[in-house]
């Protein structure tokens, strides 16, 4: 009965935590601004860290007001997920693990709990325990939200790095005015084929290239999927006004293409990159001469 009367007088533990966070948001934000999670991310000014902390406190208050203190999907967290994602990503880029980031979030609980205990001074021990427990649960849910956003941010970083590696491994080289080439090395899967196509088309437009050479000397095997990727790239280059030449088809790959029944009759092919370049230069009206010792030149 006394506990029921206390609840009726003061509200549920979750509601009291909501009121406490709303009332003390400025003091909590000031203390959080000195915590590692905010201090090391918001380095331009302390006011920026305080503002970020205040936004998180207000979000926690909104979650507590709905009594969903154990729910990481509570609506109150929506408004700060982007903020938390940027913060977690910054710590990840600084080399911190998910466990270390989790510990930094847990360190935010003590300053808030200290203020809560001050507010609850003189209250029955059972009430104090229930309110502190509610705050602990809420801060634990915040840890889960930060971990989720940290993992998501980490996956996005890995994906960006993967794309960057694909782009770096697929350079487009200008061999001559109007002639560009892509020396392909390694396995050509769907993701890399898309990068090849986009990079090649961008360069064709930028360089106003009339010829684009796809050199597959460094591609270990060609199956039907790889062939389809090559044909799509050739077709896309044609739509951009460039003739695409495939070079570097080794005897073993030629046999595989024939065995698979892949039709490359509509595609210009050459045995080597130099042969493909020679063809493109002739089509551009450029004479190729071989230097002969003694000063003589032969056509």
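Values quoted throughout were computed directly from the atomic coordinates according to the rules given, and no laboratory measurement underlies them. For clarity, every value in this text was computed on a predicted model and none was experimentally measured. Ideal geometry is used to build each Cβ from the backbone, glycine not excepted, and the neighbour counts take in all protein chains shown.
Listed values, structure above:
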| quantity | calculated |
| --- | --- |
| Prolate/oblate/rounded call for region 173-298, Cα gyration tensor, a/c under 1.5 rounded | oblate |
| Convex hull volume per residue for the chain, taking Cα atoms only, in Å³ | 208 |
| Within a Gaussian network of the chain (alpha carbon springs, distance under 10 Å), most fluctuating of 203, 40, 286 | 286 |
| Rounded tilt (10° steps) of 13-23 against the dominant C-alpha axis of the chain | 80 |
| Rounded to 5, the percent of DSSP beta bridges in the chain classed as antiparallel | 25 |
| Mean-position separation - Cα centroids, region 11-35 and region 85-136, in angstrom | 11 |
| Residue exposure sequence - 32, 176 - by fewest surrounding Cβ within 10 Å | 176, 32 |
| Fluctuation leader among 196, 205, 180 - the chain, Gaussian network, Cα springs under 10 angstrom | 205 |
| Per-peptide average of other Cβ atoms within 10 Å, ordering 102-109, 256-263 highest first | 102-109, 256-263 |
| Rounded tilt (10° steps) of 78-93 against the dominant C-alpha axis of the chain | 60 |
| Efficiency of FRET between residue 123 and residue 67 - r from beta-carbon atoms, R0 22 angstrom, step 0.05 | 0.60 |
| Stretchable slack from residue 93 to residue 194, in nm (0.36 nm times residue separation minus alpha-carbon distance) | 33.6 nm |
| Fewest-first ranking of 221, 269, using other Cβ atoms within 10 Å as the exposure measure | 221, 269 |
| Rg to Rh, two decimals, where region 18-125 supplies the alpha carbon set and Rh follows Kirkwood | 0.98 |
| Cα pair count fraction exceeding 13 Å, expressed as % - region 85-148 | 65 |
| Degrees between helix 46-65 axis and first principal axis of the chain (Cα, 0 to 90, nearest 10) | 70 |
| Top of 61, 271, 52 by mean-square fluctuation, Gaussian network on the chain, Cα under 10 Å | 271 |
